[in-house]
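Notes for the one structure printed next.
The values are calculated or read from the model by the stated rules, or taken from the named source; none is laboratory data. Quantities reported herein were computed from a predicted structural model and do not represent experimental measurements. Positions of Cβ are backbone-derived with ideal geometry, glycine not excepted, and every protein chain shown enters the neighbour counts.
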Amino acid sequence: MTSDAERKMQFLFALRSKGVTDARVLSAMEEVDRARFVKGLFADKAYEDMPLPIACGQTISQPSVVGLMTQALEVHSRDKVLEIGTGSGYQAAILSQLARRVYTVDRFRRLIREATEIFDSLGLVNITAVTADGSYGLPEQAPFDRILVTAAAEDPPGPLLAQLKIGGIMVLPVGQSDAVQSLIRVRRTGEGLDYEELRPVRFVPLVEGLGQE
Ligand code: SAH
């Protein structure tokens with residue numbers, strides 16, 4: 001039988017072998033227990049490097065993808081970060097270890113309620129979770145140092161680009177929902193926006209309006 005410590009070591013080893021090498025990101029991922037964000041049937045698969053189903057027909061992303069996206073975001077300890085697509089809350093919890101403040105938005109009330117309960121139980125007091133259509137960002141808290149989108153849009157949503165500070169970075173998957181998408185990094189400089197394509201990824205689509213649950 002594999003002990004929790006061994007499983008955790010294998011988890012971190014798998015992350016490193018897939019390119020997650022940033023020490024701050026790895027220690028955040030060591031700190032936050034993914035099993036807390038995966039319920040029921042799938043909880044015993046929490047330390048495997050695979051996406052898993054969560055409520056409302058959504059998915060918690062594959063840990064290595066969470067790690068690579070977090071690493072690409074280059075989060076600093078003074079940063080105010082916006083995440084679009086709270087889902088289980090796992091990615092937001094990782095960000096909360098690295099940033100000053102995290103705002104996370106989902107279109108399903110139920111996901112926001114459940115993620116908030118987990119944040120409270122873990123004492124993650126620097127995360128605020130909000131039910132809203134994240135395509136419009138969070139204008140009342142803008143601008144942001146970093147924006148991470150964990151659902152795929154065909155193009156980077158204009159309101160999100162507008163809510164990025166100069167010097168800010170946004171990481172997001174772009175492309176059709178039924179095809180392979182590209183993970184993109186956008187940097188806002190004094191002159192405009194720089195785009196960089198990072199790797200192929202697969203995410204659920206960014207959907208307009210609020211969900212029914
Ligand atoms: N980051 C999550 C996984 C995200 S799955 C985690 O760590 O578990 C993608 C999420 O994006 C889903 O929960 C979905 O409801 C949400 N989503 C899709 N379109 C959205 C929109 N327009 N606004 C806010 N959230 C959206």
Touching a residue at least 60 places away in the same chain (Cβ under 8 Å) and out of contact with any strand residue (DSSP E or B) (no Cβ under 6 Å at 6 or more places or on another chain): is that true of Gly209 in this structure?
yes
How about region 104-120: which of its residues are under 15 Å from the mean Cα position of the chain (by Cα) and either near the ligand (Cβ under 6 Å from one of its atoms) or modelled with pLDDT under 95 (or both)?
Val105, Asp106, Arg107, Leu111
Region 55-103, subset more than 8 Å from the ligand (Cβ to nearest atom) and of a type in the set (Ser, Thr, Tyr), residue nearest to the chain's Cα centre (by Cα):
Thr70
Please count how many residues of region 6-24 are under 19 Å from Met50 (Cβ atoms) and either touching a helix residue (DSSP H, G or I) at 6+ places or on another chain (Cβ under 8 Å) or acidic (Asp, Glu) (or both).
10
Can you tell me how many residues in region 134-151 are within 11 Å of the ligand (Cβ to nearest atom) and either modelled with pLDDT under 95 or closer than 14 Å to Glu83 by Cβ (or both)?
8
Wholly within region 139-213, strands (runs of 3 or more DSSP E) carrying at least 2 residues that are β-branched (Val, Ile, Thr)
144-149, 164-174, 181-188
